[in-house]
Ligand code: TZP
């Protein structure tokens, strides 16, 4: 599992072909993990979309993570699932997906991070670090991000309002990578944006 540059999808007003082509361009140009995050779709449509996204990620040998939906993860044999605060308990999800699949858990506090690790999480998603329009959620400071990283052994990714020009703020925080929605999904040139982000985040991670 390479968390360096983790694309989390957003639908915006893309039609399906446009949405899939953004994911394809992101995969082709260097994202290391893709999370399909769908809050509106009914189950059958989510399943169909997940199959199409998985065909793309498989082509690039990039693991696909499904946001929240254990059933969809199992149905399409995705690499794993990412769960937030209001989902099933982490140990129950681990039991449902088995030992091999990747389990990501959102954490805003040291306590939640430690609990998630204990219950079988493979990585933590920590945020929102910067203000974001993509999700209505409380902010988590860089200090808290560092404190969570120091407390747990599993790797973590930062999320929320992350852009090319604030990647530098993660120097010395101990993260394993960044999760990004709008900066990639809404880029004018997705391929170029991903290449720039990848180069910069690799520089930041080298200095950890
Ligand atoms: N969880 C915390 S913030 C966030 C999620 C899913 C949204 C991040 O989106 P963006 O557009 O990269 O700020």
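A few remarks follow.
- All of 128, 75, 50 fail the test of being within 30 Å of residue 21 (Cβ to Cβ) and within 16 Å of the ligand (Cβ to nearest atom), apart from 128.
- Selection within the range 164-173: residues that are in a loop (DSSP other than H, G, I, E, B) and surrounded by fewer than 15 Cβ atoms within 10 Å (Cβ to Cβ). The member of this set that is farthest from the ligand (Cβ to nearest atom) is 172.
- Single unsatisfied condition, residue 135 versus (1) within 16 Å of the chain's Cα centre (by Cα); (2) more than 14 Å from the ligand (Cβ to nearest atom); (3) surrounded by fewer than 18 Cβ atoms within 10 Å (Cβ to Cβ): (2)
- Counted residues, the range 28-47 - those being farther than 14 Å from residue 179 by Cα and touching a helix residue (DSSP H, G or I) at 6+ places or on another chain (Cβ under 6 Å): 4
- Scanning the range 78-96 for residues that are surrounded by fewer than 18 Cβ atoms within 10 Å (Cβ to Cβ) and either within 18 Å of the chain's Cα centre (by Cα) or under 20 Å from residue 54 (Cα atoms) (or both) turns up 84, 85, 86, 87.
- Residues of the range 142-163 classified as away from the ligand (no atom under 14 Å from the Cβ) and more than 17 Å from residue 121 (Cα to Cα), total: 4
- Residue that is part of a strand (DSSP E or B), modelled with pLDDT of 95 or more and surrounded by 15 or more Cβ atoms within 10 Å (Cβ to Cβ), where the choices are 20, 103: 103
Listed here are the residues, each with its yes/no results for (1) assigned to a loop (DSSP other than H, G, I, E, B); (2) touching a residue at least 24 places away in the same chain (Cβ under 8 Å).
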{"residue": "31", "(1), (2)": "yes, yes"}
{"residue": "40", "(1), (2)": "yes, yes"}
{"residue": "47", "(1), (2)": "no, yes"}
{"residue": "55", "(1), (2)": "no, no"}
{"residue": "61", "(1), (2)": "yes, no"}
{"residue": "74", "(1), (2)": "no, no"}
{"residue": "94", "(1), (2)": "no, yes"}
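- Take the conditions (1) surrounded by 16 or more Cβ atoms within 10 Å (Cβ to Cβ); (2) without any contact (Cβ under 8 Å) to a residue 60 or more places away in the chain; (3) away from the ligand (no atom under 14 Å from the Cβ); residue 176 misses just one of them, which is (2).
- With respect to the conditions (1) in contact with a strand residue (DSSP E or B) (Cβ under 6 Å, 6 or more places away or on another chain); (2) farther than 23 Å from residue 91 by Cα, residue 104 falls short on a single one, namely (2).
- A single member of 145, 114 is under 29 Å from residue 74 (Cβ atoms) and surrounded by 14 or more Cβ atoms within 10 Å (Cβ to Cβ), and it is 114.
- Of the residues making up the range 37-51, those that are more than 16 Å from residue 157 (Cβ to Cβ) and within 17 Å of the chain's Cα centre (by Cα) are 38, 39, 50.
- Residues located in the range 113-125, provided they are out of contact with any helix residue (DSSP H, G or I) (no Cβ under 8 Å at 6 or more places or on another chain) and more than 7 Å from the ligand (Cβ to nearest atom): 117, 118, 122, 123
The values are calculated or read from the model by the stated rules, or taken from the named source; none is laboratory data. In this text the structure is predicted, and so the values were computed from the model without any measurement. When we count neighbours, we look across all protein chains shown, and the Cβ atoms used for this are built from the backbone with ideal geometry, even at glycine.
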